[in-house]
Amino acid sequence: MFRFSQLPSVCEGDILQLPQDRHIEDLIIDSRKAMLSDYAVFFAIQGDRHDGHNYIGELYANGIRQFVIEKTFELTDYPEANFLLVASSIISLQKLASSRRKKFSFPVIGITGSNGKTIIKEWMYQLLSPEYQIVKNPGSYNSQLGVPLSVWQIQSQHQLGVFEAGISKPGEMVRLQKVILPTLGIFTNIGTAHDEGFSSLEEKIIEKLKLFSNVETLVYCYDHESIRSSVARTSIPSFSWGKNPNANLQITAAGDEFTIRWADKHHALKFPFKDPASLENCLHCVALMLLLGYSVQQIQDRIILLKSVPMRLELKQGINNCQIIDDSYNNDLGGLRISLDFLSGIQKKNKTVILSDILQSGLENQELIQKIKELIVTSDVSRLIGIGPVFVNHLAEFNLLPIQTTFYADTELAVKEINRHDFQQEVILIKGARMFHFEKIVALLQRKVHGTRMEIDLNKIVHNLNFFKAQLLPGVKLMVMVKAFAYGSGSEEIATLLQYHRVDYLGVAYADEGVELRKNQITTPIMVMNATEGSFQTILDYNLEPVIYSLDLLRSLTAFLINKPCKAHLEIETGMKRLGLEEGDLSEAMDILKDNPNIKIASVFSHLAGADESEHDQFSHLQVKRYEQAFQIISSQLKFAPIRHILNSSGILRFHQYQMDMVRLGIGLYGIDPTSMTSHPLQPAATFKTVISQIKRVNAGDTIGYGRRGKAKQQMILATIAVGYADGFSRSLSRGKGTVLINGKKAAVVGNVCMDMTMVDISDIDAQEGDDVILFGEGLPIQEMAMRANTIPYEILTSTSERVKRIFFAESI
């Protein structure tokens with residue numbers, strides 16, 4: 001165990017203040033996820049978008065007393081805190097984790113590559129845990145920050161480590177190698193991920209190989225020629241597998257049957273997967289297990305039990321206006337902390353955790369229980385439901401927690417006795433080890449809806465948010481529009497995520513949308529674009545901020561307020577010809593505002609009509625000029641300068657010079673580039689899916705659907721899919737205009753799209769009833785669907801019916 005006084009020699013820094021030399025147990029890099037402990041250390045990192053030093057006051061007020069900082073400031077406000085000044089908090093974090101790693105001599109498996117790292121890590125954990133107490137990265141904690149946080153978890157009871165490492169540019173892997181110090185390695189494969197950070201594929205491979213500079217053996221696939229040739233140019237001891245006869249472990253395949261040549265013998269192996277990626281991942285595991293001395297029969301017995309690794313936790317709609325975080329397939333302390341972090345970011349007052357026993361932690365039950373209690377108490381949980389013998393045997397200790405607790409011996413008993421009416425307007429985290437079959441609890445508490453759903457990848461939302469933040473000049477604020485049900489994605493869930501990431505403003509179209517956000521604990525300022533006289537009382541009651549776009553609306557607002565205070569925004573007409581005060585309205589508007597100082601103008605804005613297309617650039621420049629002239633009049637009359645903003649998603653990408661004080665991010669948040677500029681690394685976040693309800697054969701000459709508009713020219717196989725125009729699958733996609741994606745192949749719409757169902761041609765597709773159907777998403781971009789429907793992606797997203805279930809997911813494990 002380290003003390004704070006030891007950090008200067010480990011991290012190469014200077015102690016600025018040391019009122020009490022405390023132990024170090026928990027490392028924190030995110031103030032929102034702080035473990036409130038006397039023995040926690042916060043590493044303040046100054047980044048491009050956030051500065052951790054800004055949150056030291058908040059953390060100190062919450063009880064954190066140890067800090068590693070990169071810049072000096074007045075310390076008199078923190079008399080009880082320890083401070084260490086370093087050149088780089090990230091490098092100091094890595095050095096501290098490396099120092100801890102060196103205290104342990106057990107084997108450590110290091111994994112890198114472009115794809116499959118997390119899956120192989122999780123499978124190695126499953127395969128080897130009967131013999132070893134294993135420590136591993138929680139989730140995909142494989143970055144410059146994630147790896148040291150993962151390695152810091154090593155405890156005396158551990159016997160094996162499995163850590164993955166990812167990099168995005170040269171120089172990073174050397175630092176991670178010093179933290180992990182792997183004794184064995186797996187190089188999964190090489191692909192295009194992070195190509196932009198390297199001058200060539202060869203440079204990327206060479207950089208990744210630095211993780212294995214001191215391993216006893218590196219496992220890789222001999223069939224990857226680029227990896228093979230790069231390994232051959234190093235002195236790294238290696239063990240290869242592949243179809244090539246020169247591989248150390250030769251693999252032959254005949255259909256679903258695989259044969260491996262090992263120790264001069266041929267052995268048959270069966271795998272529980274058929275897809276190439278899973279088979280490659282499995283074979284990496286097989287090769288490493290052979291190196292560790294496992295027999296082929298032992299390996300066969302274990303790999304046949306492998307199941308797909310859930311790479312995400314899902315946020316689903318529950319009964320009685322609840323939300324469910326479905327993380328029902330794995331449970332360990334590291335993963336529990338990630339899931340509780342996710343739970344903490346959801347703005348609901350009541351939070352329930354349904355948790356299974358944590359298996360194979362390597363800890364004595366008493367120590368394990370204490371750690372679970374600490375995590376629960378510091379995560380603002382209001383109720384704990386524990387399932388399993390460990391919970392039942394220690395219920396007296398859990399009952400001492402200042403929250404409601406209930407315990408069941410097993411899942412069957414829980415499903416039988418849980419009263420669904422006891423769950424009302426709360427968020428429920430369901431997290432259990434696979435053997436507890438917590439999917440039964442999810443089914444009990446999930447709202448029953450049909451199989452059509454919109455899946456929203458919250459990691460991609462955050463990626464896109466950070467991309468746009470990176471485009472902003474210093475000091476520029478960010479408003480994010482969550483109108484129209486957050487572009488069809490779900491306002492409450494998206495707004496919660498945005499508040500968690502500290503955006504400055506939210507924008508909605510109507511007051512009712514803002515009210516729903518306020519009812520769900522959204523406290524971020526909210527601008528209402530289409531305020532009406534009838535909504536003024538609601539706007540005041542829920543602390544919303546109306547947009548004033550006409551003199552009549554301004555007069556009505558002043559008459560209603562009768563000197564009550566109100567923040568408002570002025571919209572200026574500069575060429576959109578939609579809403580906004582005209583140039584001739586400004587003089588009277590200023591007179592009214594000067595006579596009513598209770599109305600505080602928070603911002604003045606306008607909207608560019610053609611920011612997405614270069615052919616309108618001259619007009620966009622003219623609009624900005626008109627806006628600036630109007631703003632000059634307003635600010636001089638009001639004697640202060642409100643926030644200025646004119647750019648939407650397109651404008652942020654194309655007109656950096658007009659960012660002013662704030663920008664408004666809309667559809668770009670969801671990974672859709674309205675400018676059609678292909679150079680931006682935006683990630684589409686929404687996938688619209690349904691399922692095949694029925695498959696049938698039709699004969700040549702048969703007609704299909706309403707109006708008999710579809711006709712089979714030859715014998716055909718039809719799939720009826722569970723989506724129609726009432727769900728947002730436009731009727732304009734009828735009669736071959738639209739396509740869907742089934743098992744990687746496109747299927748054309750046959751006949752007319754019905755209200756709730758659509759028929760598609762799957763004559764050339766191997767499909768089964770119940771198979772997923774992608775309406776738009778990976779492999780079938782929303783832009784293609786919009787083009788076929790003769791519309792724009794905005795309309796496709798916002799037309800997706802609210803009856804379509806929204807499933808939000810984020811990285812799990």
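The residue of the range 84-113 that is surrounded by the most Cβ atoms within 10 Å (Cβ to Cβ), among those that are under 28 Å from the mean Cα position of the chain (by Cα) and assigned to a loop (DSSP other than H, G, I, E, B), is Gly113. The residue of the range 351-381 that is least open to solvent (accessible area, probe 1.4 Å), among those that are among the charged types (D, E, K, R) and farther than 19 Å from Asp326 by Cβ, is Lys373.
Starting from residues that are under 24 Å from Leu343 (Cβ atoms) and aliphatic (A, V, I, L, M), keep the ones in the range 1-44 and report whichever is most open to solvent (accessible area, probe 1.4 Å). Checking each candidate, the answer is Leu36. If the condition is being among the small types (Gly, Ala, Ser), part of a helix (DSSP H, G or I) and open to solvent by less than 20 Å² (accessible area, probe 1.4 Å), then the range 566-592 contributes only Ala589.
Scanning the range 52-83 for residues that are basic (Lys, Arg) and either open to solvent by less than 10 Å² (accessible area, probe 1.4 Å) or in contact (Cβ under 8 Å) with a residue 40 or more places away in the chain (or both) yields a total of 1.
Residues in the range 495-537 that are within 28 Å of Thr558 (Cβ to Cβ), polar (S, T, N, Q) and open to solvent by 30 Å² or more (accessible area, probe 1.4 Å): Thr523, Asn530, Thr532, Gln537. Listed by first and then second residue, the pairs linking a residue in the range 623-645 that is open to solvent by less than 30 Å² (accessible area, probe 1.4 Å) to a residue that is aromatic (Phe, Trp, Tyr) and part of a loop (DSSP other than H, G, I, E, B), with Cβ atoms under 9 Å apart and 6 or more places separating them unless they lie on different chains, are Val624/Phe655.
May I ask you to list the residues in the range 17-65 that are assigned to a loop (DSSP other than H, G, I, E, B) and of a type in the set (Gly, Ala, Ser)? Full working, then the answer.
Residues of the range 17-65 assigned to a loop (DSSP other than H, G, I, E, B): 18-22, 25, 29-30, 34-39, 44-45, 47-50, 62-65.
Hits for the range 17-65 are Ala34, Ser37, Ala44, Gly47, Gly63.
Residue pairs whose Cβ atoms lie under 6 Å apart, sitting 6 or more positions apart in sequence or on different chains, and linking a residue in the range 537-559 that is more than 12 Å from Ile592 (Cα to Cα) to a partner that is open to solvent by 80 Å² or more (accessible area, probe 1.4 Å) and not hydroxyl-bearing (Ser, Thr, Tyr), are Glu545/Lys567.
Does Glu492 satisfy being within 30 Å of the chain's Cα centre (by Cα) and either under 21 Å from Ala630 (Cα atoms) or at pLDDT 95 or above (or both)? Here the answer is no, as Glu492 does not meet what is asked. Summed over the range 538-565, residues that are open to solvent by 80 Å² or more (accessible area, probe 1.4 Å), under 24 Å from Ser606 (Cα atoms) and acidic (Asp, Glu) total 1. Scanning the range 312-350 for residues that are open to solvent by less than 30 Å² (accessible area, probe 1.4 Å), touching a Pro at 6+ places or on another chain (Cβ under 8 Å) and assigned to a helix (DSSP H, G or I) turns up Gly334, Gly335, Ile338. Would you mention how many residues in the range 776-785 are exposed (fewer than 15 other Cβ atoms within 10 Å of the Cβ) and aliphatic (A, V, I, L, M)? Looking only at that region, the number is 0.
Considering the range 382-408, the residues that are free of Cβ contacts under 8 Å to residues at least 24 places away in the same chain and outside any helix (DSSP H, G or I) include one that is surrounded by the fewest Cβ atoms within 10 Å (Cβ to Cβ), namely Leu400.
Considered as a group, the residues in the range 409-422 that are part of a loop (DSSP other than H, G, I, E, B) and not polar (S, T, N, Q) include one that is least open to solvent (accessible area, probe 1.4 Å), and that residue is Ile418.
Scanning the range 114-137 for residues that are open to solvent by less than 10 Å² (accessible area, probe 1.4 Å) and not in a helix (DSSP H, G or I) returns Val135, Asn137.
Let me confirm something: among Glu207, Glu225, Glu203, which residue is in contact (Cβ under 8 Å) with a residue 12 or more places away in the chain, out of contact with any strand residue (DSSP E or B) (no Cβ under 6 Å at 6 or more places or on another chain) and farther than 27 Å from Pro107 by Cα?
On the way: Glu207 fails: farther than 27 Å from Pro107 by Cα; Glu225 fails: in contact (Cβ under 8 Å) with a residue 12 or more places away in the chain.
Result: Glu203 is the single residue among Glu207, Glu225, Glu203 that is in contact (Cβ under 8 Å) with a residue 12 or more places away in the chain, out of contact with any strand residue (DSSP E or B) (no Cβ under 6 Å at 6 or more places or on another chain) and farther than 27 Å from Pro107 by Cα.
Would you be able to say whether some residue in the range 786-807 is of a type in the set (Asp, Glu), open to solvent by 50 Å² or more (accessible area, probe 1.4 Å) and part of a loop (DSSP other than H, G, I, E, B)? Yes: the range 786-807 contains one or more residues that are of a type in the set (Asp, Glu), open to solvent by 50 Å² or more (accessible area, probe 1.4 Å) and part of a loop (DSSP other than H, G, I, E, B).
A residue that is over 31 Å from the mean Cα position of the chain (by Cα), at pLDDT 90 or above, more than 19 Å from Val381 (Cβ to Cβ) and open to solvent by 50 Å² or more (accessible area, probe 1.4 Å) occurs nowhere in the range 430-440.
For (1) more than 23 Å from the chain's Cα centre (by Cα); (2) modelled with pLDDT of 95 or more, each residue gets a yes or a no:
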| residue | (1), (2) |
| --- | --- |
| Pro642 | yes, yes |
| Arg654 | yes, no |
| Tyr658 | yes, yes |
| Arg664 | no, yes |
| Gly671 | no, no |
| Gln683 | no, no |
| Gly707 | yes, no |
| Lys713 | yes, no |
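Go through the range 678-708 and give me each residue that's part of a loop (DSSP other than H, G, I, E, B) and touching a Lys or Arg at 6+ places or on another chain (Cβ under 8 Å). Residues satisfying the conditions are Gln683, Pro684, Ala685, Ala700, Gly701, Asp702. Against the condition of a type in the set (D, E, K, R) and within 35 Å of the chain's Cα centre (by Cα), how does Arg228 come out, does it pass? Taking the combined requirement at face value, the residue satisfies it.
For the range 709-727, which positions are assigned to a loop (DSSP other than H, G, I, E, B) and open to solvent by 10 Å² or more (accessible area, probe 1.4 Å)? Explain how you work it out, then say what you get.
Here is the first cut: in the range 709-727, the residues assigned to a loop (DSSP other than H, G, I, E, B) are 709, 712-715, 722-727.
Matches in the range 709-727: Arg709, Lys713, Gln714, Gln715, Ala722, Tyr725, Ala726.
Here's a check for you: in the range 757-775, which residue that is at pLDDT 95 or above and within 26 Å of the chain's Cα centre (by Cα) is most open to solvent (accessible area, probe 1.4 Å)? Ranking the candidates gives Ile774 first.
The values are calculated or read from the model by the stated rules, or taken from the named source; none is laboratory data. As the structure is a computational prediction, the values presented were derived from the model and not from experiment. Please note: Cβ atoms are built from the backbone with ideal geometry, for glycine as well, and neighbour counts cover all protein chains shown. Accessible surface is based on the protein model in full, side chains and every heavy atom, while ligands, DNA and RNA are left aside. Shrake-Rupley method; radii C 1.70, N 1.55, O 1.52, S 1.80 Å.
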